[in-house]
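Undergrad: Here it is, the structure, as structure tokens.
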Amino acid sequence: MAYSSWRGSVGVIKPTMRPGSLEEFIRMMPDGIGIIPLFIGFQRGTADEFKQAMQAYETRVAELAAFEVDLIHPEGAPPFMVQGFKGEQRIVKSWERKYKTPIVTAGMTQVEALKALKSKKVLGVTYFTGPINNTFAKYFEQAGFEVLAMEGIPVAFEDVGRLASQEVYAHIRRAYLKHQDADVIYMLGSGWRTLDIIDLLEQDLGVPVVHPVPARVWSIQKRLHVNERIAGYGRLLEEMV
């Protein structure tokens, strides 16, 4: 069965049932782009859970391909980043061959956004702590960037959406003051509700911010040959670089 929309259709695979980022994404997408969401349902947010998720993702990729969408976007950067940069590419290419549909992961949209902004030295911030942040850093290093730090904020996986955006702003500001040679700030994860601080961070710290939701909207527009600028969520979307 084919589902279409006049500017294109995209099937997204959400990693959790957490509300927030799906609504933000749909509100930000230009009119005429259809969205079909499916879900994985992560509960713990651990490296082991992420590593074991590829079969679940492929099942949903197959389902979306059967709908004949123009693009499939498996969300959730960590499940693919734990595969490594080249490992992720191998998985995506194999799925594209098998299901005859273009695919772009969250990590891929973010790497592309960083390159579009001509970034070289990346300061990453996440809502994870411990060794998994080293895995995220390694992914971007393999993609060709210098990662100055991947600073985690301690919060339970299920409580990320409850973090106040002002609290996240303060965390990022502290991290940046330790790494002022960064030429971009990268925010890993769609779980936090922080769209309202992107412009403020760029204004106050003087560097662009790559947030997963605007990066997703930007990348999907590019792939669907849409070029609609959106103000209020950082340079990436405002300039459609």
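Undergrad: Of the numbered conditions (1) in a loop (DSSP other than H, G, I, E, B); (2) closer than 15 Å to VAL209 by Cα; (3) in contact (Cβ under 8 Å) with a residue 12 or more places away in the chain, GLN180 satisfies every one except a single condition; which is it?
TA: (3)
Undergrad: Also, quick follow-up: Within region 183-193, which residues are in a loop (DSSP other than H, G, I, E, B), buried (at least 24 other Cβ atoms within 10 Å of the Cβ) and either at pLDDT 95 or above or among the aliphatic types (A, V, I, L, M) (or both)?
TA: The one that is in a loop (DSSP other than H, G, I, E, B), buried (at least 24 other Cβ atoms within 10 Å of the Cβ) and either at pLDDT 95 or above or among the aliphatic types (A, V, I, L, M) (or both): LEU188.
Undergrad: Scan region 65-87 residue by residue and report those that are on the phi < 0 side of the Ramachandran plot and not in a helix (DSSP H, G or I).
TA: Answer for region 65-87, where residues must be on the phi < 0 side of the Ramachandran plot and not in a helix (DSSP H, G or I): PHE67, VAL69, ASP70, LEU71, ILE72, HIS73, PRO74, GLU75, VAL82, GLN83.
Undergrad: Which condition from (1) touching an Asp or Glu at 6+ places or on another chain (Cβ under 8 Å); (2) assigned to a strand (DSSP E or B); (3) not hydrophobic (A, V, I, L, M, F, W, C) is the one that HIS171 breaks?
TA: Failed condition: (2).
Undergrad: Among the numbered criteria (1) on the phi < 0 side of the Ramachandran plot; (2) part of a loop (DSSP other than H, G, I, E, B), which single criterion is violated by GLY41?
TA: (1)
Undergrad: Only one of (1) surrounded by fewer than 23 Cβ atoms within 10 Å (Cβ to Cβ); (2) at negative phi is not met by THR105, so which one is it?
TA: (1)
Undergrad: Looking only at region 133-163, how many residues end up being at pLDDT 95 or above, of a type outside the set (Asp, Glu), on the phi < 0 side of the Ramachandran plot and exposed (fewer than 15 other Cβ atoms within 10 Å of the Cβ)?
TA: 1
Undergrad: State whether the residues of region 139-154 include one that is part of a helix (DSSP H, G or I), of a type in the set (S, T, N, Q), in contact (Cβ under 8 Å) with a residue 60 or more places away in the chain and farther than 28 Å from GLU23 by Cα.
TA: Within region 139-154 (the criterion being part of a helix (DSSP H, G or I), of a type in the set (S, T, N, Q), in contact (Cβ under 8 Å) with a residue 60 or more places away in the chain and farther than 28 Å from GLU23 by Cα), the answer is no, since none of the residues qualifies.
The values are calculated or read from the model by the stated rules, or taken from the named source; none is laboratory data. Just so we're clear, the structure is a prediction, and the values are computed from it rather than from any experiment. A quick note on method: Cβ atoms are made from the backbone with ideal geometry, for glycine too, and the neighbour counts reach across all protein chains shown.
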